[in-house]
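Below is a structure I'd like to ask you about.
The values are calculated or read from the model by the stated rules, or taken from the named source; none is laboratory data. Owing to the predicted nature of the structure, the values given are computational and were not obtained by experimental measurement. We place every Cβ from the backbone using ideal geometry, glycine too, and count neighbours over all the protein chains shown. Ligands, DNA and RNA are stripped out before the accessible areas are found, and what is left, the full protein with its side chains, is counted by its heavy atoms. Shrake-Rupley method; radii C 1.70, N 1.55, O 1.52, S 1.80 Å.
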Amino acid sequence: MLGVGLAMTGPGAGIAAAESSAFRVIAHRGASAHAPENTLPAFRKALALGAREVELDVQLSRDRVPVLFHDKRLGKKTNLEGAVRDHTAADLTRADIGSWFDRERGADETYAGTRLITLDELFAALGDQVVYHVELKGKSPALPALVLERVRRFGLERDVFFTSFSREQLLRVRRLDSRARLGWLLSDSAAGSEAFAAAIDRAAVDGFAQVAVHAARITPELVARAHRRRLELRAWGVKTEADVERVLAAGADGLTVDWPDRVLARLGRSGR
Ligand code: G3P
Ligand code: CA
C-alpha cells in the first residue's frame, strides 16, 4: 500500500489515486459517528463497515499502562473525574465510556456500560486485521517506549503508524526503533502554506513516513511537496463531504474520518 499514491502527482492524479485501494480510509477513534470513540464497539463497527485502518488516542494511566482516551479530562465522556494520569488502569477500565454517547447521539443501539480499554485489549481483539494509526497524546516522555513495547509484544510492527502532534514524541520512537513508521500531525495553529511546507521538509529530514494536515488546509501543492520527499500526506479534521472532496482532489493519501462508511461508498469500496 505504501507508496502507490506517491507516484501519482500529476493533474487529476488525486482522484485516480483515491479510487485505488491505496487511499487510506482511517476510522477516526474507530467508527466514532456510530459508537463511542476509542472503544471496542467503535473499532468493531469500523471493521464491519469495511474500514481496514483505524485511528486511536493513547495516554498513560497513573500506573503507566497505555489506555485509549482522547480528552484531557475524563468528566465529559466517563463517570470518572480528573485526568487519565490520575487513575490506575484498573479503575479506568471499569469506567463507563458509553453513556455519554447515548445521551448526546441517541443511536439505535445503546452503549451504556461500554468500558474504557487498554491498548493491549485493542491489539488482542483486532490483531493484524487492521492498520493502526496510534496517536501518542500529550508529551509524557514515558509514553512512546511503553506503546512501542506493546506493539512489539503483539508483533504488530508492520501494522502500526505512530502519530503525534509532538515531533519530540515521534523522535523518541525513532531513537528506539529505526524502522518504525512515524506520522507527524501538523497543528492547525501552525497554519500557513510556508509553515506547512517547512514542516514537510523537516519531516523528510527526520525520516518520518507521513504528515497529516487539517482537511481545510490541504492543497495539491502541499501534497506534491510531500510526495517529492517520499512522504505520504493525509488529512485530519474531516467534518463534511466537501472536506472529503477537497482531500481527494488534492491527491492526498488518505484521511481520518468518523464515518468511514460514507467515504468507502464514495470510493466504490463499500462492503469489502
Ligand atoms: O488524525 C489525527 C486526529 O485524530 C487528530 O485530532 O483531536 O482527533 O486527536 P484528534
Ligand atoms: Ca486522535
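Go through the residues of the range 113-131 one by one and say whether even a single one is touching a Pro at 6+ places or on another chain (Cβ under 6 Å) and over 17 Å from ARG64 (Cα atoms).
yes
Here's another thing I want to ask about it. Does any residue in the range 252-272 that is closer than 26 Å to ALA226 by Cα come within less than 6 Å, Cβ to Cβ, of a residue that is of a type in the set (Asp, Glu) and not in a loop (DSSP other than H, G, I, E, B) six or more places away or on a different chain, and which pairs are these?
Pairs that qualify, where the first residue is closer than 26 Å to ALA226 by Cα and the partner is of a type in the set (Asp, Glu) and not in a loop (DSSP other than H, G, I, E, B), are ASP253/GLU232; THR256/GLU55; LEU267/GLU19.
Within the range 90-102, is even one residue hydroxyl-bearing (Ser, Thr, Tyr) and in contact with a Phe, Trp or Tyr (Cβ under 8 Å, 6 or more places away or on another chain)?
Scanning the range 90-102 turns up at least one residue that is hydroxyl-bearing (Ser, Thr, Tyr) and in contact with a Phe, Trp or Tyr (Cβ under 8 Å, 6 or more places away or on another chain).
List the strands (runs of 3 or more DSSP E) that sit entirely inside the range 78-193 and contain at least 1 residues that are more than 15 Å from ligand 1 (Cβ to nearest atom) and aliphatic (A, V, I, L, M).
none
Quick check on this structure: which one of ARG202, ARG246 is of a type outside the set (Asp, Glu), more than 16 Å from ligand 2 (Cβ to nearest atom) and more than 20 Å from ALA22 (Cα to Cα)?
Of ARG202, ARG246, the one residue that is of a type outside the set (Asp, Glu), more than 16 Å from ligand 2 (Cβ to nearest atom) and more than 20 Å from ALA22 (Cα to Cα) is ARG202.
Identify the single condition in (1) closer than 23 Å to VAL134 by Cα; (2) open to solvent by less than 10 Å² (accessible area, probe 1.4 Å) that ASP261 does not satisfy, given that it satisfies every other one.
Failing condition for ASP261: (2).
I'd like to know if the range 191-200 contains one or more residues that are of a type in the set (Val, Ile, Thr), touching a residue at least 60 places away in the same chain (Cβ under 8 Å), surrounded by 20 or more Cβ atoms within 10 Å (Cβ to Cβ) and under 25 Å from PRO144 (Cα atoms).
no
Something else: Of the residues in the range 66-77, how many are crowded, with 22+ Cβ neighbours inside 10 Å and within 14 Å of ligand 1 (Cβ to nearest atom)?
Residues in the range 66-77 being crowded, with 22+ Cβ neighbours inside 10 Å and within 14 Å of ligand 1 (Cβ to nearest atom): 3 in total.
Still on this structure, please answer the following. Just wondering, is there one or more residues in the range 21-37 that are at pLDDT below 95, surrounded by 15 or more Cβ atoms within 10 Å (Cβ to Cβ) and either in contact with an Asp or Glu (Cβ under 7 Å, 6 or more places away or on another chain) or farther than 17 Å from THR114 by Cα (or both)?
Within the range 21-37 (the criterion being at pLDDT below 95, surrounded by 15 or more Cβ atoms within 10 Å (Cβ to Cβ) and either in contact with an Asp or Glu (Cβ under 7 Å, 6 or more places away or on another chain) or farther than 17 Å from THR114 by Cα (or both)), the answer is yes, since at least one residue qualifies.
For ALA27, state whether it is within 16 Å of ligand 1 (Cβ to nearest atom), in contact (Cβ under 8 Å) with a residue 12 or more places away in the chain and in contact with a Leu (Cβ under 9 Å, 6 or more places away or on another chain).
For ALA27, the condition - within 16 Å of ligand 1 (Cβ to nearest atom), in contact (Cβ under 8 Å) with a residue 12 or more places away in the chain and in contact with a Leu (Cβ under 9 Å, 6 or more places away or on another chain) - is met.
Next question, about the same structure. Does at least one position in the range 100-107 carry a residue that is modelled with pLDDT of 95 or more, farther than 18 Å from ALA27 by Cα and touching a strand residue (DSSP E or B) at 6+ places or on another chain (Cβ under 9 Å)?
no
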